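K.L.:
Structure provided below as structure tokens; questions to follow.
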Amino acid sequence: MSVHNIDQRKEYVAGVVEKMNNASSVVLVDYRGINVEQDTAMRKALREAGVEYKVIKNSALARAFEQTGNTGYDEYFFGPTAAAFGPKDDPIAPCRILSEFAGKTPMTIKCGVVEGKKFDENGIKSLASIPEKPVLLAQLLGLLTNPMRSLAVALGEVAKKSA
């Protein structure tokens, strides 16, 4: 192995480390069995959500995970692996999109790191069920305004009865 080759590998791993450090989440998938049409649709959905999706060598992923302090993932670095790097503002986006496509294709979710926490396939699928941020904010607003609305209706009824 030449020195040039070693430098290229170190640079490749450094690029993966940088992607991991700039992402709010990383989800690993085994993309075997997915056809071109499905892959294109999935990549489009990921891109629209601000998720970067790359096929990465397992050896590079193993080193990058180690260098970023994410240990205990060795069992997932086998077979064809792709990584989805979530945007800072929506760490659940890759979980949601990849879970949807894993349900419709032979692709499988291996594991992930979401905001520094390790998740297996079931954990990623559980996270995927969390609604998007605008939906959560609307639900929260509804929860906060509902008691006030109920109080206003009750006070209105009391006012009608006493009049």
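K.L.:
Under the 0.36 nm per residue contour assumption, what length would be gained going from the current alpha-carbon distance of residue 47 and residue 74 to full extension? Don't skip to the answer; put the middle values down first.
P.N.:
Working: separation 27, 0.36 × 27 = 9.72 nm, distance 2.77 nm.
That works out to 7.0 nm of additional length.
K.L.:
What shape does the stretch 3-130 have by the C-alpha gyration tensor, where a ≥ b ≥ c are the square roots of the eigenvalues, rounded means a/c under 1.5, and otherwise prolate means a/b greater than b/c and oblate the rest?
P.N.:
prolate
K.L.:
Could I ask something else about it? Counting other beta carbons within 10 Å of each Cβ, put 42, 20 in order, fewest first. Could you put the intermediate results ahead of the total?
P.N.:
Numbers: 42 24, 20 20.
In order of increasing Cβ crowding within 10 Å: 20, 42.
K.L.:
Let me ask something additional. Filter the cross-link list 10/88; 44/125; 88/117 down to pairs whose alpha-carbon distance in this structure exceeds 23 Å. Please report the intermediate quantities before stating the final value.
P.N.:
Values: 10/88 26 Å; 44/125 20 Å; 88/117 15 Å.
Listed pairs above 23 Å: 10/88.
Values in this text are rule-based calculations from the coordinates and carry no lab data. Because the structure is predicted, anything quoted here is derived from the model rather than measured. As a convention, Cβ positions derive from the backbone with ideal geometry for all residues, glycine included, and neighbour counts pool all protein chains shown.
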